[in-house]
Amino acid sequence: MPPPGSATSPPRSGESGAASPRSPPSQQLASCPATALHGQVRTLTPDQRRAERQARAAPLVANFERWLRDTLGTLSSRSETAAAIGYALQRWAALSLYLDDGSIEIDNNPVERQIRPVALGRKNYLFAGSDAGGERAAAIYGLLGTAKLNGLNPEAYLRRVLARIADHPVNRVADLLPWNLATTEPA
């Protein structure tokens, strides 16, 4: 195992750039150089993001992998820490894929934000009344989520659709889908 503070050892508490082990996980993650880089490159094009990640994050990730492998060799194979490190190393290709593709995010926070309303309302969905009611609710949630992804205010979108749908030709209902309204009307 490398000596503390070496290039292949993660910073310890009290060292420059390190959060205290008793800090909340979000603070510990915020002090990670790879995470800080992610915030800096978020607005760049995918090719620019890839170049920055290769130049700045790839060496950090390589050092972290080396540290994990070295540490694993010093642990009992039955320890929970060894199991956690083994889990990460078995999935290393997937964990480090974001370095080679600028269109991949370092985390799944955007997806988590999108599904949060569904997760929070899970108990409410028990009262949909029937399977058909649940399917209708899912369709509405999908439609409103798509409106958001197309830059529309979901409430304003729904108002526009409901105001127009009664007089709208049934064979042109696709005109009312979010991606079509997003290109023809302001949000």
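Quick one: length gained pulling residue 107 to residue 70 fully straight, 0.36 nm per residue minus the C-alpha distance?
Computed gain between residue 107 and residue 70 is 10.8 nm.
Take residue 88 and residue 153, extend 7 Å from each Cα along the Cα→Cβ direction, and tell me the distance between the two endpoints in nm.
It is 4.5 nm.
Between residue 56 and residue 176, what's the calculated FRET efficiency when r is the beta-carbon distance and R0 is 30 Å? Round to 0.05.
In this case the efficiency is close to 0.05.
State whether the stretch 83-187 is rounded, prolate or oblate according to the following rule on the C-alpha gyration tensor (a ≥ b ≥ c being the square roots of its eigenvalues): a/c under 1.5 gives rounded; otherwise a/b larger than b/c gives prolate, and the remaining case gives oblate.
Judged from the Cα gyration tensor, the stretch 83-187 comes out oblate (a/c at least 1.5, b/c at or above a/b).
When ranked by the protection proxy of mean other Cβ atoms within 10 Å per residue, highest first, what sequence do the peptides 163-172, 42-51 form? All intermediate terms of the calculation are to be shown ahead of the outcome.
Details: 163-172: 8.7, 42-51: 13.5.
Output ranking for 163-172, 42-51: 42-51, 163-172.
Length gain on complete extension for the stretch residue 163 to residue 96, per 0.36 nm per residue less the alpha carbon to alpha carbon distance?
Contour length minus the Cα-Cα distance gives 19.3 nm.
Quick note: the coordinates plus some simple rules give every number you see, no bench work behind them. Keep in mind that what you see is a predicted model, and the values were worked out from it rather than measured. Positions of Cβ are backbone-derived with ideal geometry, glycine not excepted, and every protein chain shown enters the neighbour counts.
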